[in-house]
Amino acid sequence: MTDGAITVEHLAERERFRATIEDDGGTVEIGFIDYTRDAGHSGAHLALTHTVVYDRFGGRGYAAELVRQVLESVRADGNKVIPVCSYVVSYLEKHPEYSDLVVTSTSA
């Protein structure tokens, strides 16, 4: 369970989704997901390569919420994901509602 709502911003020029919260009257970065873009046969594929939540914000459910919001963004943009990061792989195994976003050998 998260302590507060996170905001996820897509920084396309850095190939990163950045997560922030409002803390002590300001915006604080709590983590990010890095990706690389691969133009597949049927559209854009984002290889989600690395998920980070900074230690001081760990154990609050922020990583799961970050992944969820990134997957929702990917879905809204009509893209697909290639899960490389072990955390994203684990999240997808627990949330089959996002299985349609995963690139398979037949959807590439």
When only residues in region 51-64 that are touching a residue at least 40 places away in the same chain (Cβ under 8 Å) and surrounded by fewer than 18 Cβ atoms within 10 Å (Cβ to Cβ) count, which is nearest to the chain's Cα centre (by Cα)? Gly61
Of all residues in region 38-96 being more than 22 Å from Thr20 (Cα to Cα) and of a type in the set (Lys, Arg), which is modelled with the lowest pLDDT? Lys80
Read through the list (1) out of contact with any helix residue (DSSP H, G or I) (no Cβ under 6 Å at 6 or more places or on another chain); (2) modelled with pLDDT of 95 or more, then give the number of the only condition that Ser107 fails. (2)
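The values are calculated or read from the model by the stated rules, or taken from the named source; none is laboratory data. This is a predicted model, so every value here is computed, not measured. Using ideal geometry, Cβ is built from the backbone for each residue, glycine included, and neighbour counts are taken over all protein chains shown.
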